[in-house]
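Data first, discussion second: the structure below is written as structure tokens.
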Amino acid sequence: MHELWRGNANAWECDEMGHLNVKAYLGKGMQAIARLTEQSGLVRAFSPGATATIRPVEWHVRFLGEARPGAPLYIEGGYSRVGASDADIALSMRHSGDGRLAATLTARVEHVVPDTGRVFDWPSRFRGEAARLEVEPAPESTPRGLPPADWNELVSLKRAEALRLFPIGLGRIGIEDSDVFGAMRPEFLIGKVSDSVANFVQAFPDRRMSEGGDPKGGALLECRIRVRRYPRTGDGYMVRSALSGGTDKVRQLVHWVLDPLTGRPWWTVEGIAATLNLRTRRIEAATPAELEDIAKAVRGGLKG
């Protein structure tokens with residue numbers, strides 16, 4: 001593994017759960033990918049005026065060791081596969097003190113024209129350098145709770161309404177959300193969903209019922225993100241969500257992020273989440289009464 005980023009969990013990157021927000025994992029992962037890209041001979045691929053860049057089209061993340069405010073962290077990784085115009089990148093985020101895994105991040109990226117998103121082949125100089133930076137993914141990066149990857153081509157607003165998916169988010173992509181090319185920054189693929197999920201009370205009735213006891217919150221354990229198109233500055237988005245299944249300990253979430261103007265999908269997120277006791281920092285099981293409420297949010301056969 002090659003070291004690609006080193007820093008910490010800043011207090012302003014942590015959320016009401018008392019740990020690093022999921023958006024920050026992808027943001028730091030993108031800094032690692034930019035460093036890897038530079039080491040591969042594609043210098044200034046993320047700078048204004050670049051004629052080619054790298055854009056993630058799929059992520060898989062496992063959250064393995066809480067990063068609390070101020071925790072020192074580092075990321076190491078490299079290429080696990082290189083295709084004609086795409087590649088798989090394996091990253092491991094670790095706690096600096098003892099090397100414990102904080103998270104594993106696997107990204108499939110494409111070599112694209114920044115303005116149009118057109119995919120084209122890697123230059124010859126990249127191939128030689130990328131071979132030098134090949135790595136074996138960490139064993140912990142293997143998907144655990146999510147079903148095998150299977151792209152759903154039926155994602156649309158019309159389909160979301162037919163399935164009665166819950167509306168949990170609505171907004172626009174601002175300048176602060178965008179990269180130097182005017183496209184949404186990849187960390188907001190999970191950030192916009194994270195900002196909306198507090199409205200998904202149907203999936204977490206145990207949070208609503210925690211009054212008088214220990215505070216509780218929803219914690220994401222694993223997620224898979226698939227990008228259909230990257231929105232640009234000024235584009236709108238809406239989030240429609242439901243559960244595809246679950247147990248007393250975990251819930252299988254599906255979020256469709258859609259263009260409210262056309263009804264077409266921007267991206268989808270599948271996740272495994274649990275209820276976290278914010279005092280003990282332990283996952284808690286839902287009660288039978290809570291499970292009855294949770295079952296009402298399940299939509300059979302739903303996938304991202």
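The values are calculated or read from the model by the stated rules, or taken from the named source; none is laboratory data. Quantities reported herein were computed from a predicted structural model and do not represent experimental measurements. A quick note on method: Cβ atoms are made from the backbone with ideal geometry, for glycine too, and the neighbour counts reach across all protein chains shown.
Look at the stretch 166-178 and say how many of its residues are part of a loop (DSSP other than H, G, I, E, B) and either of a type in the set (K, R) or closer than 15 Å to W267 by Cβ (or both).
Result for the stretch 166-178: 1.
Let's see how each residue does on (1) within 27 Å of P186 (Cβ to Cβ); (2) buried (at least 20 other Cβ atoms within 10 Å of the Cβ):
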| position | (1), (2) |
| --- | --- |
| K249 | no, no |
| W266 | yes, yes |
| T275 | no, yes |
| L278 | no, no |
| R282 | no, no |
| A286 | no, yes |
| E290 | no, no |
| A295 | no, no |
| R299 | no, no |
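Take the stretch 165-222 and flag every residue that is at positive phi and modelled with pLDDT under 95.
G212
Have a look at E58, E3, E16 and point out the one that is outside the structural domain of R226 (by TED's automatic domain parsing), touching a strand residue (DSSP E or B) at 6+ places or on another chain (Cβ under 8 Å), under 18 Å from H95 (Cα atoms) and acidic (D, E).
Checking each option against the conditions leaves just E3.
Does the stretch 106-162 hold any residues that are small (G, A, S) and at pLDDT below 90, and which are they?
G128, G145, A149
Quick check on the stretch 283-294. Is at least one of its residues over 24 Å from I175 (Cα atoms), of a type in the set (A, V, I, L, M) and within 20 Å of the chain's Cα centre (by Cα)?
no
Please work out which one of (1) touching a residue at least 60 places away in the same chain (Cβ under 8 Å); (2) part of a strand (DSSP E or B); (3) touching a Lys or Arg at 6+ places or on another chain (Cβ under 9 Å); (4) surrounded by fewer than 21 Cβ atoms within 10 Å (Cβ to Cβ) is the condition R6 fails and give its number.
Answer for R6: the failing condition is (3).
Do we have any residue at all in the stretch 178-189 that's touching a residue at least 60 places away in the same chain (Cβ under 8 Å), over 22 Å from S47 (Cα atoms) and surrounded by 14 or more Cβ atoms within 10 Å (Cβ to Cβ)?
Taking every residue of the stretch 178-189 in turn, none turns out to be touching a residue at least 60 places away in the same chain (Cβ under 8 Å), over 22 Å from S47 (Cα atoms) and surrounded by 14 or more Cβ atoms within 10 Å (Cβ to Cβ).
Can you list the strands (runs of 3 or more DSSP E) lying wholly within the stretch 194-293 that have 3 or more residues being in contact (Cβ under 8 Å) with a residue 40 or more places away in the chain?
Where strands (runs of 3 or more DSSP E) fall fully within the stretch 194-293 and carry at least 3 residues being in contact (Cβ under 8 Å) with a residue 40 or more places away in the chain, they are 216-227, 236-246, 251-258, 265-277.
Quick one: which of P137, P147, P69 is within 21 Å of the chain's Cα centre (by Cα), farther than 30 Å from R279 by Cα, surrounded by fewer than 15 Cβ atoms within 10 Å (Cβ to Cβ) and not charged (D, E, K, R)?
P147
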